[in-house]
Structure formats: C-alpha cells, structure tokens
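**Q** Take this structure, written in structure tokens, and hold onto it; I'll ask about it next.
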Amino acid sequence: MTRLSQTFDRLKSEGRTAFVPFIMAGDPNAETTEKLLHALPEAGADVIELGFPFTDPMADGPIIAEAGQRALALGQTLQGTLSMVKRFREAGHETPIVLMGYANPVLQHGESFASDAVEAGADGLILVDLPPEESETLDAQAKKAGLDVIRLATPTTRDERIDRVVERASGFLYYVAVAGVTGDRSAGADELGEAIARLRTKTSLPIAAGFGIKDAASARAAAQHADAVVVGSAIVKTLAVEGPDAALELARDIAAATHGMGEGS
Amino acid sequence: MADDPRTPLNSFRNGPDDTGHFGTFGGRYVAETLMPLILELGRAYEDAKADPDFREELDRLLNEYVGRPSPLTYAGRLTEHARKSAGKGKGAKIFLKRDELNHTGAHKINNCVGQILLAKRMGRTRIIAETGAGQHGVATATVCALMGLPCVVYMGAEDVERQKPNVFRMKLLGAEIVPVTSGKGTLKDAMNEALRDWVTNVADTFYCIGTAAGPHPYPMMVRDFQSVIGQEAKEQMMKAEGRLPDVAMACIGGGSNAIGLFHPFLDDKEVRLIGVEAAGKGLQTTEHAASLTGGKPGVLHGNKTYLLQDEHGQIDDAHSISAGLDYPGIGPEHAWLHESGRVEYISATDTEALEAFQLCARTEGIIPALEPSHALARALEVAAEMDEDQILLLNMCGRGDKDVFTVAAALGVEV
C-alpha cells in the first residue's frame, strides 16, 4: 500500500479531510522551499504538492507561473527537486509528497523518472499537460516503480470521459473546481458538491478539490464535499509578499479549518 | 481538402492517425479542461470536411475575398542571377508561388478563413489568436471583421513595441490587442496566454491557431486549409511547364506555409522537398530558430515535436530577424517528415535572408517578407546546382511591407 493510500485511509477512519498545500520548488530560493517543506507537516499538511518549474506553464495563472520563473532564474532543476525530497525523507518525515508540473522536464529526465522519484521518496505525480491519452508509457513505468499517477477532472469532463480519466489513475483524483488557470476564481459550494457526487459514482479513489481555494472559509466549504483540499496560489502569494512565516501561518489556519470541517463542526 | 480517397496505403499523406499522431509526434498534450474541447473540435472539423456546403463557402471566400488562386510567376531575372554562379548547363528555372498577393499580404489568411468558418459553424461567438510579427493577428482580425465576430489577439509585449504598424492595423480592424508580459514576452508566451484564455473561456471561445502546430486536430486542420497552396501550384506548374517541379522549397517557422506547399507533393517521389529554417545569427550560436537542426523532441503547446530546449527540458528562446520564424518549435508533421527523410531541412541566417530580400526586390520587383527570403537565399544555391532544364518552385508566402523598418534598421538606414 502506498503512502498516499495509507494517509487517506487513516484520515477517513478519523473522519477528517486532508489539507494539501502546494509550494513551488526553488521559490523564492531552494533553502526557503526546503525549510517550508520540513515545517509543513507540523503546520497541518497531510499531503504536500511540490511543484517543479517549467518555462511555459500554460495552465497556471500569474502567481504560480511567476513562482516557477523565479525558481528557474535561480537554476532549480528537476534533479534538484528530487534531492530536496530525498533530504525530507532522510529527516524522517512520512508526509506523502506529490510532484506537480509539466510533461517536458519529466520526458527529458528519461525513462528512469518514476523509479528515481520513488527512490527519492516521492509518492505521486501530476503532469498538467499529460492527459490519459498520452500517458500510457509513463503510467506503466510509474506502476512498476510504485509512483501514483494522479489525474485531473474538471467541470468540462463529462460523464463519458470520466471513465477514461480514472482508468489508470491512482492515489487520488484531483478535481479542478473551475474551468480556468490556477489562482483564478472560486467555484460555488453547491456546484462543487454536485460535481464531486458525480465523480464518486465513477471512482472509489479519494477526491481532492483545488483551484480557487484561498482561505479558511473557502477551505471549510470545500471540505464539506471533498476528501482533500488543495491550496496553491494563496500560499505561494503569501510566501512571495509576506515571507515563509506568514505562509506557514496561513497554512495552519487553512489546515485547522479543513480538519475542523471534517470532524463535522 | 487534402484527403483523397485514392491515397495509397504506403502514402506520406495518411497522417495523422486517429489519435492525432504523425509517427511519435503530434498528439494532444493539453490540460484536462481543454481535452473535451479538443475532442469536440476534432469531431466538428471532420463533420465540416464532409459537408459540401462548408467546402463551397470556403472556396467562395478564398476566391472572392482572399483573391485566390494566387498566380505562379516565372522569376526570369532571379533565374539569370542564379545561373551566373552556376556551371555550364546548370541553373534551374525558378518559379514563385505568389501567396504574398493574398488579401492581408501572406498565406496566413487561408487558414483563418477556414478556422473562423468552422468556429461559426460550431456556434462560437468569440475568437482568440496569438501572433508574433502580427501577420496571423491581422489575418484573424480581418476575417473576424468580415464575419462580425469579436477578436482578441495575444501578442508578446516586445513584439507589440516592434510591430507598431500591425498593432494599429489590428485595432483598425476592431480587434483587442493584449500585450503579454509573462515569460519573455515573445510569441511562445503569447501562445501560453491564449491557451490560458481558452481554458478560462471554454464555453464560447474558439482559439484560431496560426501555424501547423498545437494539439491535434490543429496541425492537420491548418495543413488542410493551407494545402490550397500546393494544390494550386501543382495545377499551375502542369499548365505552365507540362510537368511537376523538380524541387519545391519553403521557409519554416511553425511550418504552415511549407506544409501547405509540400503536402500535395508528398507522394510525388520525383519532387524533392526542402524546408528552410531560420539560422538567426548562426547555428553555432544560441541565437537561432532552427528546431529541427538544433533541437530535440519534447512537449510544448499541446504537441510532441522538435524543440529548442536545454538538457533539463526548459524551452529556450528562439531568435530570428524574421518575427514569423521566431518560434522554438515546429509543426509535428515536419518533425515526422524530417525523421522519415521525405523532406530535407536546411537553414539560412539573418544575413543571408537580408541579402536575398534585397536581391528579390531589385531583380523581380517583388519585396518579399523576411520569412520567404530565408528560403530564397538557399533556393539560389540549390537552383545553381540543378540542370538548366529543371524547375525549382518557391513559396513566396508573404510580402515585405511589414519588414521595411526592420530591414532598414539592420542595414543602418534611417527611414
């Protein structure tokens, strides 16, 4: 059983919703990312999404796109990001890490990517621009290595397509709550509830909701429906504007709201 | 369109397969939000292609509005020029396919008419496009004005500054120009921003891509709409000379004019096909735009193709004096034709293109765009090595009015 499934099973038995913060590896620099990474479990992160930068992030809004450009300007590489994960594990952390980014850096890393990622201690992978239609080779490598491939479903993913999306998905299903880029706007709570209910008829995987969740209130609302709440742009923006301590404080607030909701309060 | 029921099984014209691949290239590497739209677009295009009314309306507009067919011109003085440096009995006859005479001054409009007709058929009410030098933006804005559709053009902030006449042209045509400052503010960033717009406005928006790249079905669709170039040229060559050319050449950025010229000739094995990439300041420098010669396969903007990139898979900036060739990728069908060996790909530098630009103006009275000037630079050499009874066909895909300031600056002339 993978670290991700164990985490979701445990949270389910505790009746809690997972809090999943996103940070960009190398933003504003590698030292700060590493410090944050090591502090996030204590701040309430149940799973961490660690972004790896790409020059052309076509599905990201300005906040995450700029974070990636800052990281690239300082020379952040995918290999460097894997080393970061390795040191996180060496420090004894058990929080699952999902790597998130675009296909080309992974493709250029080569066939050994999935096994290298697992060896470093990563648990899952989200490639924004790799739909299931183009992912057969990587899926096979990931399965062999024990790396969960997390798929995305969106408001435009109609019923007939959901089967295709979940076919080889593992770990959890990431529901992108709005048709748009990261950090754009929020989905209504009712809309989210309906969409997640629809997805549950198609898969038994845990369902994470993301895009547009930016504070305790929106996290609490999303946690009513989802098994996990992903917060990216709000944390990345706070980090950029106010620094790592403020980003951790925001993470603590959102974690408390997410977890509190799961307890049925 | 390009499909011919008699196409043999071992044809070079069968691609892409039904998942949008040309060999290992092409495909649909897009965010899940766009996936259902791309699939719907593919179905709508197949449906339109099978509808004689769609074809008829497209042909009517190409004829009455764009001004097709574009002429085929024997370039006698260029031929003479090439023969000067050729050996005895050498120096092929050079013919120009005059797509620079189209309305808006380039081949770009062939594709815009097709895509925007399709957008209307699909009930889309808003058109977006990316543009580098502004030629595709102007063509899109033109057809949108004709059809009464709102048009938003994404353009790198640096290009907005460099291409002021085209920016104003687009505004006159009623388009909204969005300067893109993300990334490095160039064509590829404009394409990222257009994709972000599309992801956000999926319900009503049609993305009119200007080159034969992007996710399937775009490379196929753009190729089909541009294949009118090669089809006409083929007929015109037969009429003028009673046979096909021995060599057909075109410049390549993303590769839409080249695939439009080449595709109808792909199964005519006796016709040698040559694409000319932009070598910028030289292939030995980092400032060029020759994706096939200087790049390697990767994934960008929805397709797998040859890309200029570093060892970590980060995309490099392209450079060319011609903004229309200034793109770090190339259409996936070219990547496949390169690996299969059917088409040869070579390159020409900024300096060589500038010389060919001036030569063409003086010898033929045609001021070419800087893009086909790259192809012309190499064509003169290729022609000089061919026999004098042979024929070289060159696609003159755009006119150079847009480039006069760039050329003046490069030559140190104040206009």
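**Q** If I filter region B:292-316 down to residues being hydrophobic (A, V, I, L, M, F, W, C) and free of Cβ contacts under 8 Å to residues at least 24 places away in the same chain, which single residue comes out as nearest to the other protein chains (Cβ to nearest Cβ)?
**A** Among them, the one singled out is B:L307.
**Q** Condition first: modelled with pLDDT under 90, surrounded by fewer than 20 Cβ atoms within 10 Å (Cβ to Cβ) and either touching a His at 6+ places or on another chain (Cβ under 6 Å) or at negative phi (or both). Now tell me which residues in region B:161-200 satisfy that.
**A** B:E161, B:R162, B:K164, B:P165, B:K184, listed by residue number.
Quick grid of which residues meet (1) within 14 Å of chain B (Cβ to nearest Cβ); (2) over 22 Å from A:L11 (Cα atoms); (3) at pLDDT 95 or above; (4) not in a helix (DSSP H, G or I):
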{"position": "A:T157", "(1), (2), (3), (4)": "yes, yes, no, yes"}
{"position": "A:E160", "(1), (2), (3), (4)": "yes, yes, no, no"}
{"position": "A:A169", "(1), (2), (3), (4)": "yes, no, no, yes"}
{"position": "A:R185", "(1), (2), (3), (4)": "yes, yes, no, yes"}
{"position": "A:E194", "(1), (2), (3), (4)": "no, yes, no, no"}
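**Q** Could you check A:A120 against (1) more than 9 Å from every other protein chain (Cβ to nearest Cβ); (2) of a type in the set (A, V, I, L, M, F, W, C); (3) farther than 19 Å from A:G51 by Cα and say which number it fails?
**A** (3)
**Q** Of the residues A:L199, A:L239, which is in a helix (DSSP H, G or I), within 18 Å of B:E32 (Cα to Cα) and either at pLDDT 95 or above or within 14 Å of chain B (Cβ to nearest Cβ) (or both)?
**A** Answer to the selection: A:L199.
**Q** Do you know which residues across region B:357-385 are closer than 16 Å to B:E277 by Cβ and either surrounded by fewer than 22 Cβ atoms within 10 Å (Cβ to Cβ) or under 19 Å from the mean Cα position of the chain (by Cα) (or both)?
**A** Within region B:357-385, B:A369, B:L370, B:E371, B:P372, B:S373, B:H374, B:A375, B:L376, B:A377, B:R378, B:A379, B:E381 meet the criteria.
**Q** Mind checking which residues of region B:298-343 are of a type in the set (V, I, T) and in a strand (DSSP E or B)?
**A** If the condition is that a residue be of a type in the set (V, I, T) and in a strand (DSSP E or B), then B:V299, B:T305, B:I315, B:V343 are the ones that fit.
**Q** Something else: Search region A:171-183 for residues being among the aliphatic types (A, V, I, L, M) and assigned to a loop (DSSP other than H, G, I, E, B), and hand back the single one that is farthest from the other protein chains (Cβ to nearest Cβ).
**A** A:A177
**Q** From B:S85, B:S70, grab the single residue that is surrounded by fewer than 23 Cβ atoms within 10 Å (Cβ to Cβ) and under 30 Å from B:E241 (Cβ atoms).
**A** None of the others qualify; the one that does is B:S85.
**Q** Just give me the residues in region A:225-258 being in contact with a Gly (Cβ under 7 Å, 6 or more places away or on another chain) and surrounded by fewer than 22 Cβ atoms within 10 Å (Cβ to Cβ), in sequence order.
**A** The answer is A:R252, A:A256.
**Q** State whether the residues of region B:10-19 include one that is surrounded by fewer than 22 Cβ atoms within 10 Å (Cβ to Cβ) and at the interface with another protein chain (Cβ under 9 Å from one of its Cβ atoms).
**A** Checked against the condition, which is being surrounded by fewer than 22 Cβ atoms within 10 Å (Cβ to Cβ) and at the interface with another protein chain (Cβ under 9 Å from one of its Cβ atoms), region B:10-19 yields at least one hit.
**Q** Hey, any hits in region A:127-143 for a residue that's away from every other protein chain (no Cβ under 13 Å) and in contact (Cβ under 8 Å) with a residue 60 or more places away in the chain?
**A** no
**Q** When you scan region A:158-178, how many residues do you find that are buried (at least 23 other Cβ atoms within 10 Å of the Cβ) and touching a helix residue (DSSP H, G or I) at 6+ places or on another chain (Cβ under 9 Å)? Lay out the reasoning, then the answer.
**A** Within region A:158-178, the subset buried (at least 23 other Cβ atoms within 10 Å of the Cβ) is A:171-177.
Restricting the remaining residues to those that are touching a helix residue (DSSP H, G or I) at 6+ places or on another chain (Cβ under 9 Å) gives A:171-173, A:175, A:177.
Within region A:158-178, residues that are buried (at least 23 other Cβ atoms within 10 Å of the Cβ) and touching a helix residue (DSSP H, G or I) at 6+ places or on another chain (Cβ under 9 Å) number 5.
**Q** Within region A:202-225, can you find the residues that are assigned to a loop (DSSP other than H, G, I, E, B), over 17 Å from A:A169 (Cα atoms) and not acidic (D, E)? If you could, list the steps in order and put the result at the bottom.
**A** Within region A:202-225, the first condition is being assigned to a loop (DSSP other than H, G, I, E, B), and the residues that meet it are A:202-206, A:211-215, A:224-225.
Now drop any that are not over 17 Å from A:A169 (Cα atoms), which leaves A:211-215, A:224-225.
Within region A:202-225, A:F211, A:G212, A:I213, A:K214, A:Q224, A:H225 meet the criteria.
**Q** I'm checking my understanding of the structure. Among residues of region A:144-155 that are without any contact (Cβ under 8 Å) to a residue 40 or more places away in the chain and more than 11 Å from chain B (Cβ to nearest Cβ), which one is surrounded by the fewest Cβ atoms within 10 Å (Cβ to Cβ)?
**A** It comes out as A:K144.
**Q** If you don't mind, there's one more thing I want to ask. If you scan region B:253-297, which residues turn out to be crowded, with 22+ Cβ neighbours inside 10 Å and in a strand (DSSP E or B)?
**A** Within region B:253-297, B:L273, B:G275, B:V276, B:E277, B:A278 qualify.
**Q** Let me ask something additional. Got a sec? Which of B:R83, B:R124 is under 30 Å from B:E381 (Cβ atoms) and more than 24 Å from the chain's Cα centre (by Cα)?
**A** Step by step, each of B:R83, B:R124 is checked, and only B:R83 is under 30 Å from B:E381 (Cβ atoms) and more than 24 Å from the chain's Cα centre (by Cα).
**Q** Here's another thing I want to ask about it. All but one of (1) within 15 Å of A:A177 (Cβ to Cβ); (2) free of Cβ contacts under 8 Å to residues at least 60 places away in the same chain hold for A:E242; state the number of the condition that does not hold.
**A** Among (1) within 15 Å of A:A177 (Cβ to Cβ); (2) free of Cβ contacts under 8 Å to residues at least 60 places away in the same chain, the lone unmet condition for A:E242 is (1).
**Q** Of all the helices (runs of 4 or more DSSP H) wholly in region B:1-113, which have at least 1 residues that are outside the structural domain of B:G302 (by the TED database) and among the aromatic types (F, W, Y)?
**A** Those helices (runs of 4 or more DSSP H) span B:35-49, B:52-61.
**Q** Moving on to the next point. Taking only pairs six or more apart or across chains, which ones have beta-carbon atoms under 8 Å, a first residue in region A:161-177 that is more than 13 Å from A:L127 (Cα to Cα), and a second residue that is of a type in the set (F, W, Y) and outside any loop (DSSP other than H, G, I, E, B)?
**A** A:F172/A:F8
The values are calculated or read from the model by the stated rules, or taken from the named source; none is laboratory data. Predicted, not measured: the structure shown is a model, and the values here were computed from it. Cβ sites come from the backbone with ideal geometry, for glycine too, and all protein chains shown count toward neighbours.
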